[in-house]
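Trainee: Got a structure for you, written out below as structure tokens; questions coming shortly.
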Amino acid sequence: MQLKIWSAETGQCAATLIGHTAGILQTAIVGRGKNIVSCSRDGSAKLWDCGTQKCIDTFTPECGVLNTCHVGIPDNGISLGTPDGCHTPEPGESFTEGKMLLLGCENYDFVGYGLCSRSNVFKCTCPSAVNCCTMISANCAVCGTQDGHLVVWDLRNMMTPLKQWKESRGAILSIMPHKQGFYSSAGDGSCFYVNEEHTVDWELTGPDCEPVYQIANDKVSIYTGCRDGNIRRYPIRT
């Protein structure tokens, strides 16, 4: 399977990354983009050097299909697997120090690694297959599951979730951090903002029971991509 990187300026393919043996489901950019992480149906996540188009290392949490990945910067007090949080970086590896790799799995697991140390730092179980995950602060992460649950975790204590609830009748398909909360979209067409108290503040209207696959923003507006073929734009509420 191939992962291609395209130039936004020229429209040309700038790099082709080859190594996964099944479909690639998501990618995450590391630092300034010299490195990226990809996750796949083959059960692995790979750290790539985009310049040389080579795989630097492979994470294999043994959790079946890896649906989603995210790279974030946790609080300095959170363990990343080694005393200094890093081993000697490989050639072509940059800006992996102090970062955590989050993986959401089809077998219900939510897994964290020190990106630089390659050490597994936690493995937790969610109510259903994990479709999306992200860090919403230096101490907190959130998962969205196939059965419609949102699960908020304190990265300093992963024994039990901070909160777990079912907000939607459809699968949670995407999560986008905003301030100390997050936007989430679902398979039933709902799209809503959850505040720092983990309650819904407002909802975005438009889709009529059609899945909203992705949410993005450009710091001025929020954009949603829906199965009905429409990209909708909303002003960011302050």
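The values are calculated or read from the model by the stated rules, or taken from the named source; none is laboratory data. Because the structure is a prediction, the values reported are computed rather than measured. Glycine also receives a Cβ, built like all others from the backbone with ideal geometry; neighbour counts cover every protein chain displayed. Side chains are part of the model used for accessible areas, which takes the heavy atoms of the whole protein and leaves out ligands, DNA and RNA. Shrake-Rupley method; radii C 1.70, N 1.55, O 1.52, S 1.80 Å.
Trainee: Longer than 20 Å from Cα to Cα, which of 123/163; 123/179; 46/163; 99/219; 4/54 are they? Say none if no pair is.
Mentor: Check vs 20 Å cut-off fails for 123/179; 46/163; 99/219.
Trainee: I'd like to know how segment 122-213 sits against the 2.2 N^0.38 Å rule of thumb: what's its Cα Rg over that expected value?
Mentor: That works out to 1.01 for segment 122-213.
Trainee: Continuing with the same structure: For segment 14-66, what is the Kirkwood hydrodynamic radius in Å, using each pair of distinct C-alpha atoms?
Mentor: It works out to 11.1 Å.
Trainee: Ok, one more. With θ taken as phi - 60° and the coefficients 6.51, -1.76 and 1.60, list the Karplus ³J(HN,Hα) couplings across segment 31-44 in order, rounded to whole Hz; mark glycine and proline as x.
Mentor: Working through the residues one at a time gives x, 8, x, 5, 10, 9, 10, 10, 10, 9, 5, 7, x, 10 Hz.
Trainee: Run the accessible area of the chain with a 1.4 Å probe and give the carbon-and-sulfur part as a rounded percent.
Mentor: That share works out to 47 percent.
Trainee: Name the residues whose placed amide hydrogens come within less than 5 Å of the amide hydrogen of residue 132, ignoring near sequence neighbours (fewer than 5 apart) on the same chain.
Mentor: Close amide H contacts, sequence-distant or interchain: 144.
Trainee: A further question follows. For segment 96-166, take every pair of Cα atoms, bin their distances at 5 Å starting from 0, and report each bin as a whole percent.
Mentor: 4, 19, 30, 27, 14, 5, 2
Trainee: Just the accessible area per residue of segment 115-238, please: how many Å² with a 1.4 Å probe?
Mentor: The answer is 47 Å² per residue.
Trainee: Along each of its three principal axes, how wide is the spread of alpha-carbon positions in the chain, in whole angstrom units, largest first?
Mentor: Extents along the principal axes: 48, 46, 34 Å.
Trainee: Taking only protein heavy atoms into account and a 1.4 Å probe, give the accessible area per residue of segment 22-112 in Å².
Mentor: Counting only protein heavy atoms, the per-residue value for segment 22-112 is 44 Å².
Trainee: Here's a follow-up. Of 173, 112, 143, which is farthest along the charge dipole of segment 92-232 in the positive direction, counting Lys and Arg as +1 and Asp and Glu as -1 at C-beta?
Mentor: Value computed over the given set: 112.
Trainee: About its Cα centre, how strong a charge dipole does the chain have in debye, to the nearest 20, once Lys and Arg get +1 and Asp and Glu get -1 at the Cβ?
Mentor: That gives a dipole near 280 debye.
Trainee: Between rounded, prolate and oblate, where does segment 39-128 land on the alpha carbon gyration tensor, with a ≥ b ≥ c its root eigenvalues, rounded for a/c under 1.5, else prolate if a/b exceeds b/c?
Mentor: It is oblate, given that a/c is not under 1.5 and a/b is not larger than b/c.
Trainee: Could you give each residue of segment 210-215 its phi-based ³J(HN,Hα) in whole Hz, using Karplus coefficients 6.51, -1.76, 1.60 with θ = phi - 60°, and x for Gly or Pro?
Mentor: Coupling constants for segment 210-215: 9, x, 9, 7, 8, 10 Hz.
Trainee: Let's see if you can work this out: charge +1 on each Lys and Arg Cβ, -1 on each Asp and Glu Cβ, no other charges. What is the dipole magnitude of segment 175-238 about its Cα centre, in debye to the nearest 20?
Mentor: Using only the charged Cβ atoms, the result is roughly 300 debye.
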